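> Can you read through this structure? Questions will come right after.
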């Protein structure tokens, strides 16, 4: 996402958790759906450009600092629990 590449992703919970509304999702058991998603990315330039911009913003939320800060918060909460 950070590189400005359109994303086509399997419609599974982990991809949705990371990608939110950025990727164009497809049924992972349907190769025709994958091909249709790729064609949509290629043919609908305005929509794809909007997805790319949302992707850059979404990617900015992910960093090692954020990951460590969130993990430390979990540990702090766990240590405070009685």
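> Return one number: the angle in degrees, 0 to 90 and rounded to the nearest 10, between the long axis of the Cα atoms of helix 64-80 and the longest principal axis of the Cα atoms of the chain.
40 degrees
> On to the next question. Quick one, which of [x] 44, 34, 30; [y] 54, 27, 14; [z] 51, 37, 21 is the actual Cα extents along the principal axes in Å calculated for this model?
[y]
> If you take the square roots of the eigenvalues of the alpha-carbon gyration tensor of segment 17-61 and sort them as a ≥ b ≥ c, do you get rounded (a/c under 1.5), prolate (a/b over b/c) or oblate?
In terms of gyration-tensor shape, oblate.
> Per the helix-only calculation at 222 nm, which mean residue ellipticity applies to the chain, given -39500 (n - 2.57) for every DSSP H run of n ≥ 4 and division by its residues, nearest 500 deg cm²/dmol?
My calculation for the chain gives -20000 deg cm²/dmol from helical runs alone.
> Give the angle, between 0 and 90 degrees and rounded to the nearest 10, that separates the Cα long axis of helix 45-59 from the longest principal axis of the Cα atoms of the chain.
For helix 45-59, the angle is close to 10 degrees.
> Report relative contact order for the chain in percent, whole number only (criteria: Cα-Cα under 8 Å, sequence separation at least 6).
Worked out over the chain, it gives 34 percent.
Taken together, the values in this text are just the output of simple stated rules run on the coordinates, not laboratory data. These figures come from a predicted structure and were not determined experimentally.
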